[in-house]
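Below is one structure; the comments refer to it alone.
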Amino acid sequence: MSRIRAKNTKLENNFLKELSSVSHNAGYRYRKHYLGIIGKPDIAFPNKKLAVFIDGCFWHGCKLHSRVPLSNISYWKTKLERNCARDKEINRKIKKMGWRVIRIWEHEAKGMPDKVIAKVMHALRS
């Protein structure tokens, strides 16, 4: 578990490459792991008050792909439930600060990056 990275993952970097070309051409600038708000979103557009989180399917309880490991079940079940509860609390606090939140599943960023980028760009324009 110590080798699992929390930031600058391959998935995140690949997604940011695709997003940056589209967003920069449209005049939007983002910050990675923005410390200006709670939760340190993976991508933040401070001028537009938009926070984007890329959530791993396993760690954040994706309904399609998440599963509890077969060993040490009680630990993992509690751990994964806490992660989901923390995500909801962070969303609530960020929204209370006037920000909008987009949560992207790992499988969406991998399989449908164009669709997800379109979702982010739509949020930036509105």
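Structure notes:
- Helix 113-125 vs. the chain, principal-axis angle (Cα, 0 to 90°, nearest 10): 50
- Proximal charge balance of Leu70 [Cβ under 15 Å; K/R count +1, D/E count -1]: +3
- Neighbour-limited loop hits for trypsin sites (Lys or Arg not before Pro), the stretch 1-101 (at most 16 other Cβ within 10 Å; DSSP other than H, G, I, E, B): Arg3, Arg5, Lys7, Arg29, Lys48, Lys49, Lys63, Arg67
- Lysines whose Cα lies under 29 Å from that of Lys17, excluding same-chain neighbours fewer than 8 positions away: Lys7, Lys32, Lys40, Lys48, Lys49, Lys63, Lys88, Lys93, Lys95, Lys110, Lys115, Lys119
- Derived scalar couplings between HN and Hα for the stretch 48-55 equal 9, 6, 10, 10, 10, 10, 9, 9 Hz in order, rounded to whole Hz, by the Karplus curve 6.51 cos²θ - 1.76 cosθ + 1.60 (θ = phi - 60°), x for Gly and Pro.
- Identified option (computed Rg and Dmax of the Cα atoms in Å; candidates (i) 21.2, 62; (ii) 13.5, 44; (iii) 15.1, 48): (iii)
- Ordering Cys84, Gly98, Trp59 by Cα displacement along the dipole of the chain toward the positive end leaves Gly98 in first place; charges were set at the Cβ atoms of Lys, Arg (+1) and Asp, Glu (-1).
- At a Cβ-Cβ separation cutoff of 4.7 angstrom, cysteine residues of the chain with no neighbouring cysteine are Cys84.
- Couplings 3J(HN,Hα) for the stretch 66-77, derived from phi with the Karplus relation 6.51 cos²θ - 1.76 cosθ + 1.60 (θ = phi - 60°), are 6, 8, 7, x, 7, 9, 6, 4, 5, 4, 5, 4 Hz, where x marks Gly and Pro.
- For the chain, the Cβ-based charge dipole about the Cα centre amounts to some 380 debye (Lys, Arg positive; Asp, Glu negative; other atoms uncharged).
Any read-out appearing in this document is the output of simple, stated calculations on the displayed coordinates, not a laboratory observation. Fair warning: this is a prediction, and the values are worked out from it, not measured in the lab. All Cβ positions, glycine included, derive from the backbone under ideal geometry; neighbour counts span all protein chains shown.
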